Amino acid sequence: MRRKIMENLKKWSLEIKNRMPLLLYGARQVGKTYAMQELGANEFKNTIYVNFEADRTIGSFFESNIHPDPVIKVLEKYFHTTVVPDETLIIFDEIQMCERALTSLKYFAEEAPEYHVIAAGSLLGVAVNREQQSFPVGKVRMLTMYPMDFEEYLWARGKELLADRIRECFVRGQGLPENLHQEALGEYYNYCIIGGMPAAVRAETEELATLSQAEIRQMLLDSYIADMTKYAAPGETVKIFAAYDSLPSQLARDSKKFQYKLIKSGARASQYGDSIDWLIRAGIVNKCTKCTQGFMPPSAFQDLASFKLYYSDTGIMSARTNMNLERLMSSESEHFRGIFAENYVACALKANGYELMYWESDGKAEVDFLIIRDDHVIPVECKAGDHVRAKSLTIYKEKYHPAYCIRISTRNFGMAAGIKSVPLYAVFCI
């Protein structure tokens, strides 16, 4: 399936001067292995693929000398091939399982930049014991891969023309024809349930899929839970479970600011702060921090103690909340459509490189997101339907006079009174 990250991987493969190994971050099952192997197939004559989780034997060869020359000799003998600079791609997958291999990236950067080395791991942020081995700070390029966004989902569904038309209307500010508008909204609701995990999207698009996308989403959720047990310290696992299990109730509240008391009566940040950090580093949740002012730079006005947590994928969210499309579209689920819409927007903005922030003023007004565009702080309001009256956005406008505002809803494209209307299906354009 077509992924946007391939353009960045191709640019890295073409670098000549000061090339460093590339470290690909991302939650489990977002498509890192597929992307690396696709890069090897398309841009190189041959590929050496090392999976340190599946093959522990190869990892043992890194216990001694991890400088490039001996590592290359080990790879050539083990895989019965020749490593040729600029022609061979070396892939170190699940590199968190071999800390010495991770450290070796530093020496590839310093001593042998002619080799193309790319590495990935599902839980690099939490699984690597940096007290034992040094992390190659400043010696690797780091890139994060996210679940498929809505545009990539449309590509996978064979609807490239619809995706192109959405982008065209976003740029021109013109409304999408009503039939296409309704078609795109229908795809958006479907995406809310399926999410952007490639396996789930593939199961939805392939008629002869062995497992349904619902079964795959449940399997992915189960694998996330299993990782908590596998990679977290024994004393921390229960707390991570508890924090993660509180997400549905956290998001169901009108004010979605994370409250520790919803984890457990009497719970405090000092008890669960590390558990929440684990979920963030694992890529399981996205953190959105409160800003108290709408001035540049908003990061200078962050209240780090106040934040929201969103699922990193709406498909995992729908599996966790036992939500299906019929239930989401029912008249009783208007509140849940709002929850899914806000979580979806958070995922889309994160995938586009934005730091997630929201604005709140003394508990009287709250704007869902703040983003920086063209050196301006732009407020972003998210609505699940076409009733778009928002007192908080009006208060923000009167107080900070932004260049413009963005309102995301089921309404078509448009611009009125300094508010740019962006349909829910077009957030990937922002």
- [ ] Residues being surrounded by fewer than 19 Cβ atoms within 10 Å (Cβ to Cβ), part of a loop (DSSP other than H, G, I, E, B) and hydrophobic (A, V, I, L, M, F, W, C): count how many of those fall in the range 52-66.
- [x] 1
Task: Filter pass, residue 126 being under 23 Å from the mean Cα position of the chain (by Cα), more than 26 Å from residue 344 (Cβ to Cβ) and either buried (at least 19 other Cβ atoms within 10 Å of the Cβ) or hydrophobic (A, V, I, L, M, F, W, C) (or both) - done: no
Open item on the list: Out of the residues in the range 1-48 meeting the condition of being acidic (Asp, Glu) and out of contact with any Ser or Thr (no Cβ under 8 Å at 6 or more places or on another chain), tell me which one is surrounded by the fewest Cβ atoms within 10 Å (Cβ to Cβ).
Closed with: 7
TODO: Any residue in the range 312-328 that's farther than 24 Å from residue 122 by Cα: show its pairings with residues that are crowded, with 24+ Cβ neighbours inside 10 Å and of a type outside the set (Asp, Glu) at Cβ separation under 6 Å, as long as the two are six or more apart or on different chains.
DONE: 325/193
- [ ] Take the range 163-179 and flag every residue that is under 25 Å from residue 338 (Cα atoms), assigned to a helix (DSSP H, G or I) and out of contact with any helix residue (DSSP H, G or I) (no Cβ under 6 Å at 6 or more places or on another chain).
- [x] 169, 178, 179
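Conditions tested, residue by residue: (1) over 25 Å from residue 18 (Cβ atoms); (2) touching a residue at least 12 places away in the same chain (Cβ under 8 Å); (3) assigned by TED's automatic domain parsing to the domain that holds residue 140; (4) aromatic (Phe, Trp, Tyr).
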position: 60; (1), (2), (3), (4): yes, no, yes, no
position: 68; (1), (2), (3), (4): no, yes, yes, no
position: 75; (1), (2), (3), (4): no, yes, yes, no
position: 81; (1), (2), (3), (4): yes, yes, yes, no
position: 88; (1), (2), (3), (4): no, yes, yes, no
position: 91; (1), (2), (3), (4): no, yes, yes, no
position: 95; (1), (2), (3), (4): no, yes, yes, no
position: 98; (1), (2), (3), (4): yes, yes, yes, no
position: 101; (1), (2), (3), (4): no, yes, yes, no
Open item on the list: Here are the criteria: (1) touching a strand residue (DSSP E or B) at 6+ places or on another chain (Cβ under 9 Å); (2) of a type in the set (A, V, I, L, M, F, W, C); (3) not in a helix (DSSP H, G or I). Tell me which single one residue 72 does not satisfy.
Closed with: (3)
Open item on the list: Among the residues that make up the range 161-183, is at least one of them touching a Ser or Thr at 6+ places or on another chain (Cβ under 8 Å) and more than 20 Å from residue 3 (Cα to Cα)?
Closed with: no
Open item on the list: Tell me the residue from 61, 92, 44 that is touching a Phe, Trp or Tyr at 6+ places or on another chain (Cβ under 8 Å) and closer than 30 Å to residue 149 by Cβ, please.
Closed with: 92
TODO: Count, please, the residues in the range 153-197 that happen to be without any contact (Cβ under 8 Å) to a residue 60 or more places away in the chain, exposed (fewer than 15 other Cβ atoms within 10 Å of the Cβ) and touching a Lys or Arg at 6+ places or on another chain (Cβ under 9 Å).
DONE: 2
TODO: Only residues in the range 27-44 that are at negative phi count as the first member; pair them with residues that are in a helix (DSSP H, G or I) and of a type in the set (Gly, Ala, Ser), Cβ under 8 angstrom, at least 6 apart or cross-chain, and list the lot.
DONE: 28/223; 39/13; 43/13; 44/13
Open item on the list: Being closer than 21 Å to residue 32 by Cα and either of a type in the set (Ser, Thr, Tyr) or in contact with an Asp or Glu (Cβ under 9 Å, 6 or more places away or on another chain) (or both) narrows it down to one residue among 55, 93, 86, 69; which is it?
Closed with: 93
Open item on the list: Checking residue 353 against (1) of a type outside the set (A, V, I, L, M); (2) in a strand (DSSP E or B); (3) without any contact (Cβ under 8 Å) to a residue 12 or more places away in the chain, only one condition comes out false. Which one?
Closed with: (2)
Task: Complete set of residues in the range 279-308 that are loosely packed, with under 14 Cβ neighbours inside 10 Å and of a type in the set (Gly, Ala, Ser) - done: 299, 300, 305
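The values are calculated or read from the model by the stated rules, or taken from the named source; none is laboratory data. Since the model is a prediction, treat every value here as computed from it, not as a measurement. Reconstructed Cβ throughout: ideal geometry from the backbone, glycine too, with neighbour counts over all protein chains shown.
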